[in-house]
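Student: For reference, the structure I am asking about is given below.
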Amino acid sequence: MNTPDIKYLFEPRGVAVIGASATPGKIGYAIVDNIVSSGYKGGVYPINPKGGEILGRKAYSAVEEVPGEVDLAVIVVPAKFVFEAVETCAKKNVKFLSIITSGFSETGNIEGEKKIVNFAREHGMRVLGPNIFGTFSAKVSCNATFGPKEIRHGNVAIMTQSGALGIAMIGKTAVENIGLSAIISLGNKSDINESDLLEYLVGDEGTKVIMMYIEGVQDGERFVSALKKATRLKPVIVIKSGRSKRGAMAAASHTGSLAGADEVFEDIMRQCGVLRAESLQEALNWSKFIANTPLPIGENAAIITNGGGVGVMATDACEKYGIKMYDDTHELKRIFSPVTPDFGSTKNPIDLTGGATSAFYDSAIKAGLNSPNIHSVIALYCETATFDVENLPKVTKSNFKAFQAGKKPIVFSLLGGEKVENCIVDMKNENVPVFADVYEAVACLGTMYRYYNYLKTDVEHAEDVEIDVDAINKVVASAQADHRSFLLAHEGQIVMKAAGITLPQSKIAHHIEEAIKYAEEIGYPVVMKVVSRDILHKSDAGGVALDLVNKAEVIDAYQAIMHSCRQYDSKARIDGIEVCEMVRKGTELIVGARLDKSFGPTVMCGLGGVYVEVMKDVSFRAASLGRREAHAMIKDIKSYPLLLGVRGEKRKDVEGVVDTIIKLATIIRKCKNITDIEVNPLLAYDVGEGVKAVDVRVLITKK
Ligand code: COA
């Protein structure tokens with residue numbers, strides 16, 4: 001069955017409300033009332049078995065009786081009648097179902113929800129919800145929600161998983177004077193999710209900024225791809241609840257236990273160019289600012305202030321938000337000395353001092369606007385006795401307009417008593433970006449610069465390297481036939497070799513003579529490790545011996561390992577003893593790849609060694625990444641400077657680490673039965689000398 005164009009969810013030609021009611025106070029009444037009062041010009045069809053009239057509109061006893069097209073059916077009957085209502089919609093060729101009703105998967109009724117979605121999809125319909133407050137679309141002026149009647153029209157689109165929060169956001173955006181192009185409640189996301197909505201909103205001319213409230217991600221691979229496309233065209237701001245560690249997957253590997261759900265989310269959002277807000281207020285501030293302000297054309301920002309203290313605070317905030325303060329002192333002096341008193345400062349922050357009047361302040365801001373070397377301005381004001389505060393609103397508003405026309409961002413932070421507070425309220429109503437708090441103001445500009453810098457990066461597609469998928473699948477299949485959920489060390493090495501990842505030389509010996517022969521072929525010193533499907537933690541079992549320098553030590557180690565492992569687990573099957581090259585020291589990293597519960601194939605890297613789990617200095621990305629993104633991922637690690645070489649050391653082979661990440665990403669994307677790969681440590685040598693995967697752990701799906 002064909003799926004309908006998502007456009008009809010936002011631009012329906014006719015809307016039926018199944019469960020419409022003539023009784024004020026009922027949700028089925030509120031929805032019809034909202035649709036009618038919002039000025040929707042399409043067909044409005046209340047459906048109620050009693051027929052008659054609801055809010056002046058003819059009510060039909062069944063949706064099939066409606067004469068016109070019904071692109072959207074809002075279903076607001078009790079849960080037990082929803083399926084029946086969906087069946088009638090199929091007969092009428094309805095395209096989208098907005099199921100308001102609660103009592104489905106959120107209360108454990110998963111089967112009921114599945115039945116509806118399966119039926120709907122089989123009949124060419126898509127389901128929004130259930131458990132939602134509905135949809136609003138400014139394009140056709142249709143408020144099919146049971147939220148507030150008044151929705152301010154504008155250019156910010158909101159999609160929200162939480163219903164109550166979404167309804168509150170309608171009110172809050174109205175108070176904050178933020179106009180909406182659309183607001184969509186996603187509820188249980190049984191069918192339609194954020195990715196579907198992004199497809200429409202990205203192409204919608206009426207939407208300038210997209211804001212999302214998310215609790216959990218499903219089908220993360222598709223979401224990543226939808227976001228990457230969307231953010232190239234418009235800013236996407238996300239608020240996600242659940243920074244806690246509860247979502248972290250309990251997994252047998254470090255990669256799993258380090259991959260707290262929120263850390264993965266945070267890093268992948270950054271990879272996709274999404275702007276993540278900490279709070280609802282922050283998201284609203286950013287949305288409003290970005291919706292009303294042009295993107296900068298350069299990175300130089302200037303702070304103009306009449307108070308030294310706030311200037312310092314703003315400077316700190318600029319550092320925090322990655323805003324580059326213009327620092328050509330010569331040019332700054334040339335621009336600002338005509339408008340700065342002798343005892344002020346023309347070094348950025350430009351300090352007009354407490355003696356400045358509104359005229360001075362105005363001239364200084366205009367000087368910033370007129371300089372081609374300054375691309376954005378942070379204007380700070382502290383109430384003083386000499387400043388004619390009654391002129392503050394005029395100066396603020398006129399400069400904002402001039403900056404808009406001049407395609408430069410400006411943001412204000414005003415601090416003072418009642419008159420200043422009143423000015424802030426008035427300016428907010430006029431959409432001038434004015435804040436009391438310096439950090440709030442700077443954060444808006446910082447967020448815009450974050451987006452500006454993201455747009456400057458090249459679009460990057462997933463890079464595949466050639467790997468021997470057949471060889472990998474073969475070894476995985478044989479482990480599955482053995483009912484294992486992990487690969488043995490030598491099998492893991494086959495996977496690494498099939499992907500071209502360099503390993504220390506190693507061979508598996510089955511008796512002492514073989515061990516001696518291999519040690520001599522490899523060259524002393526060597527390491528010996530037990531190979532056993534029953535012993536996962538080799539060191540704990542006394543199954544590892546390091547730095548063996550001659551034949552005698554190899555013989556002793558062979559016997560000692562066998563003895564300790566038998567004592568550790570008398571039933572353990574021992575497949576041999578691995579004799580490996582004793583690798584020389586390098587910088588220890590951990591790199592991994594795994595199938596994340598939400599995002600699908602992901603990769604991680606961090607500075608490894610024994611402290612990795614304590615330091616948690618790791619970063620993540622969706623595995624559909626290229627070399628630039630892999631590089632960015634390594635740079636995200638706080639201890640990245642160690643790879644650049646400290647105290648006279650040479651730079652490490654970062655390119656080799658990038659290669660390894662790309663290879664692991666390719667494995668996890670292409671070999672569907674591998675769930676986790678962890679290389680720990682991956683040793684990075686000096687630049688040009690490559691990397692070596694010393695220890696590898698691979699988890700697979702169990703058959
Ligand atoms: N077709 C059309 N209308 C039908 C119908 C059908 N198959 N079956 C019943 N109706 C009518 C009813 O007769 C009633 O109209 P009336 O007022 O003229 O009698 C109307 O639909 C509503 O049914 P009712 O039984 O009164 O339900 P209700 O309004 O008390 O509750 C829901 C229905 C959907 C609102 C309720 O079950 C629910 O899920 N509430 C929670 C919604 C929610 O919070 N969603 C998440 C928000 S974020």
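Student: What's the magnitude of the charge dipole for segment 152-292 around its Cα centre, counting Lys and Arg as +1 and Asp and Glu as -1 at the beta-carbon? Answer in Debye, nearest 20. Show your work: numbers first, answer last.
Tutor: Working: 16 positive and 16 negative charges, 55 e Å.
My answer is approximately 260 debye.
Student: Which order do Asp426, Asp676, Asp351 take by accessible area at a 1.4 Å probe, largest first?
Tutor: Numbers: Asp426 80, Asp676 15, Asp351 35 Å².
From most accessible down to least: Asp426, Asp351, Asp676.
Student: Also, quick follow-up: Based on alpha-carbon centroids, what's the gap between segment 426-454 and segment 147-166 in Å, whole number please?
Tutor: After rounding, the separation between the Cα centres reads 21 Å.
Student: On the accessible surface of segment 152-292, probed at 1.4 Å, how many percent belong to carbon and sulfur atoms? Write down the numbers at each step before the final one.
Tutor: Numbers: 2390 of 4490 Å².
Answer for segment 152-292: carbon and sulfur cover 53 percent of the accessible area.
Student: Relative contact order of segment 152-292, please, whole-number percent, based on alpha carbon pairs below 8 angstrom and at least 6 residues apart.
Tutor: On the way: 223 pairs, mean separation 33.9, N = 141.
Once normalised by length, the contact order is 24 percent.
Student: Put +1 on the Cβ of each Lys and Arg and -1 on the Cβ of each Asp and Glu in segment 62-184; which of Cys142, Thr101, Gly171 then has its Cα farthest toward the positive end of the dipole?
Tutor: Projecting each Cα onto the dipole axis, the largest value belongs to Gly171.
Student: Which whole-number percent is the relative contact order of the chain (Cα, under 8 Å, 6+ apart)? Don't skip to the answer; put the middle values down first.
Tutor: On the way: 1519 pairs, mean separation 62.7, N = 703.
Value for the chain: 9 percent.
Student: If you don't mind, there's one more thing I want to ask. Check which residues have an amide H placed less than 5 Å from Leu503's amide H, if you skip close sequence neighbours.
Tutor: Excluding prolines and chain starts, which carry no amide H, the hits are Ala693.
Student: Report the full-extension gain for the segment Asp569 to Ile512: residue separation times 0.36 nm, less the Cα-Cα distance, to one decimal in nm.
Tutor: Extending this stretch completely gives an extra 18.4 nm.
Student: Run the numbers for Leu233 and Asp219: contour at 0.36 nm per residue of separation, minus the present Cα-Cα distance, in nm.
Tutor: 2.8 nm
Student: Could you pull the accessible area for Val469 with a 1.4 Å probe, rounded to 10 Å²?
Tutor: Surface open to solvent at Val469 totals about 40 Å².
Student: Now, a different point. List residues of segment 316-339, by number, whose backbone nitrogen lies under 18 Å from a label position 7 Å along Cα→C-beta of Thr384.
Tutor: From segment 316-339, the list is 336-339.
Student: With a 1.4 Å probe and all protein chains left in place, how much accessible area per residue does segment 505-582 have, in Å²? Before the final figure, lay out the partial values.
Tutor: Details: 4010 Å² over 78 residues.
So segment 505-582 comes to 51 Å² accessible per residue, rounded to a whole number.
Student: While we're here: Provide the net charge surrounding Met633, with neighbours chosen by a C-beta distance below 11 Å and charges set as Lys +1, Arg +1, Asp -1, Glu -1.
Tutor: Neighbour charge sum, excluding Met633 itself: +2.
Student: Whole number in Å², please: accessible area per residue of segment 128-186, 1.4 Å probe, ligands, DNA and RNA not counted.
Tutor: Per residue, segment 128-186 has an accessible area of 28 Å².
Student: Between Ser398 and Lys419, take the C-beta separation as r, use R0 = 25 Å, and let me know the FRET efficiency to the nearest 0.05.
Tutor: About 0.90, to the nearest 0.05.
Student: In debye to the nearest 20, how big a dipole does segment 1-133 give about its Cα centre with +1 on each Lys and Arg Cβ and -1 on each Asp and Glu Cβ?
Tutor: That gives a dipole near 120 debye.
Student: Tell me, what is the per residue accessible area of segment 290-439 in Å², probe radius 1.4 Å?
Tutor: 43
Student: If you project the alpha carbons of the chain onto the principal axes, what extent comes out on each, in Å, largest first?
Tutor: In descending order, the Cα extents are 93, 81, 37 Å.
Student: With runs of 4+ DSSP H residues as the only contributors, calculate the mean residue ellipticity of the chain at 222 nm using -39,500 (n - 2.57) per run, divided by the residue total and rounded to the nearest 500.
Tutor: When only DSSP H runs of four or more count, the value is -12000 deg cm²/dmol.
Student: On the protein heavy atoms, probe 1.4 angstrom, tell me the percent of accessible surface of segment 1-133 carried by carbon and sulfur.
Tutor: Values: 2880 of 5780 Å².
Answer for segment 1-133 is 50 percent, counting heavy atoms of protein chains only.
Student: A further question follows. Take the alpha carbon atoms of segment 552-622, find their center, do the same for segment 178-199, and report the distance between the two centers in whole angstrom.
Tutor: With segment 552-622 and segment 178-199 each reduced to a Cα centre, they are spaced 44 Å.
Student: Could you pull the accessible area for Arg121 with a 1.4 Å probe, rounded to 10 Å²?
Tutor: 90
Student: Local charge sum around Asn391 (other residues, Cβ-Cβ under 12 Å, Lys/Arg +1, Asp/Glu -1)?
Tutor: Summing Lys and Arg as +1 and Asp and Glu as -1 gives 0.
Student: Just to verify a number: FRET efficiency for Lys347 and Glu655, C-beta to C-beta distance, R0 = 41 Å, to 0.05?
Tutor: In this case the efficiency is close to 0.55.
Student: Once you've got the Cα coordinates, tell me which of Lys638/Lys692; Lys497/Lys571; Lys114/Lys234; Lys397/Lys456; Lys50/Lys91 are over 25 Å apart.
Tutor: Result: Lys497/Lys571; Lys114/Lys234; Lys397/Lys456 exceed 25 Å.
Student: Same structure again: Leaving ligands, DNA and RNA out of it, rank Met325, Met448, Met1 by accessible area with a 1.4 Å probe, largest first.
Tutor: If we order Met325, Met448, Met1 from most to least accessible, we get Met1, Met325, Met448.
Student: Additional query: Report the accessible area of Thr587, computed with a 1.4 Å probe over the heavy atoms of all protein chains in place, in Å² rounded to the nearest 10.
Tutor: 30
Student: I'd like the distance between the alpha-carbon centres of segment 287-349 and segment 654-703, rounded to an integer number of Å.
Tutor: A separation of 45 Å, based on Cα centres.
Student: Could you compute the FRET efficiency for His153 and His330, with r as their C-beta to C-beta distance and R0 at 60 Å, rounded to 0.05?
Tutor: It comes to 0.80.
Student: With +1 on each Lys and Arg Cβ and -1 on each Asp and Glu Cβ, and nothing else charged, work out how big the dipole of the chain is about its Cα centre, in Debye to the nearest 20.
Tutor: 1220
Student: Also, I was wondering about something else. How large is the convex hull of the C-alpha atoms of segment 124-247 per residue, in Å³?
Tutor: Normalising the Cα hull of segment 124-247 by residue number yields 120 Å³.
Student: Once you have a ≥ b ≥ c as the square roots of the Cα gyration tensor eigenvalues for segment 466-530, tell me rounded if a/c is under 1.5, and otherwise prolate or oblate according to whether a/b is larger than b/c.
Tutor: oblate
Student: Now for a separate question. Take the Cα of Asp540, step 7 Å along the line toward its Cβ, and report every residue of segment 558-577 whose backbone nitrogen sits under 18 Å from that point.
Tutor: What the label zone holds, given the 18 Å backbone N cut-off, is 564-574.
Student: Identify, among Asn300, Ser598, Ala498, the residue whose Cα sits farthest towards the positive end of the charge dipole of the chain, taking +1 on the Cβ of Lys and Arg and -1 on the Cβ of Asp and Glu, with the dipole about the Cα centre.
Tutor: Highest projection toward the positive end goes to Ser598.
Student: Using a 1.4 angstrom probe with every protein chain in place, what is the largest-first accessible-area order of Asp191, Asp437?
Tutor: Asp437, Asp191
The values are calculated or read from the model by the stated rules, or taken from the named source; none is laboratory data. Keep in mind that what you see is a predicted model, and the values were worked out from it rather than measured. FYI the Cβ positions are ideal-geometry reconstructions off the backbone, even for glycines, and counts take in every protein chain you see. SASA here: full protein model, heavy atoms, side chains in, ligands and nucleic acids out. Shrake-Rupley method; radii C 1.70, N 1.55, O 1.52, S 1.80 Å.
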